[in-house]
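One structure is given here, and the rest of the page talks about it.
The values are calculated or read from the model by the stated rules, or taken from the named source; none is laboratory data. Everything numeric here is computed off the predicted structure, so don't read it as measured data. FYI the Cβ positions are ideal-geometry reconstructions off the backbone, even for glycines, and counts take in every protein chain you see. Quick note on the areas: whole protein, heavy atoms, side chains included, nothing else; ligands and nucleic acids left out. Shrake-Rupley method; radii C 1.70, N 1.55, O 1.52, S 1.80 Å.
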Amino acid sequence: VLLTAYYCWLSRMSGSTDIIVGSPVAGRNHDDLEPLIGMFVNTLTMRAFPGNEKTVRQLLAEVREMTLEAFEHQDYPFEDMVDQLGEQVSRDPGRNPVFDVMFVLQNRGSETAREESSLLLEPLSFESGMAKFDLTFAGAEIDDQLLLALEYRTSLFKAETVERFLRY
């Protein structure tokens with residue numbers, strides 16, 4: 001539902017009916033990977049076609065189907081897909097070659113400190129101060145709440161514009 005809302009919002013803000021969104025996946029599809037430490041994240045590229053002629057119910061169904069299909073291919077490395085696209089994508093080192101906007105949904109559970117073996121683990125807030133994409137819409141399910149954030153590239157958007165976006 002959140003991803004569909006993001007597509008609708010992006011379509012309304014940009015006037016486009018062909019939108020590609022990137023989304024990270026954990027990359028831990030096998031039980032053997034659960035206890036391992038390290039980054040297994042891959043990026044899914046998802047394309048939807050929101051438009052005024054579709055009902056919300058139709059678009060929800062389309063985005064659901066497209067997302068489930070994307071998850072079926074989540075083990076295919078993003079870099080290999082970009083290589084396969086070849087000259088169809090531009091290679092600017094400061095930009096993603098396939099998409100400009102990201103959608104992130106975290107379902108981490110509780111954000112409280114916990115003790116594992118002899119270690120005390122505490123959540124740490126961190127802000128990089130640099131947006132990796134033009135827009136990143138992030139949601140997190142924490143203690144039965146849904147927290148939302150919008151990160152943006154300051155060279156493209158003014159703070160007032162993003163605040164107006166958030167009101168939408």
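Within a Cβ distance under 15 Å of Glu151, other residues only, what is the Lys/Arg minus Asp/Glu net charge?
That sum, taken over residues with Cβ under 15 Å, equals -1.
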Query - Heavy-atom SASA rank of Tyr7, Tyr76, Tyr152 (probe 1.4 Å, accessible area, largest first) - result: Tyr76, Tyr152, Tyr7
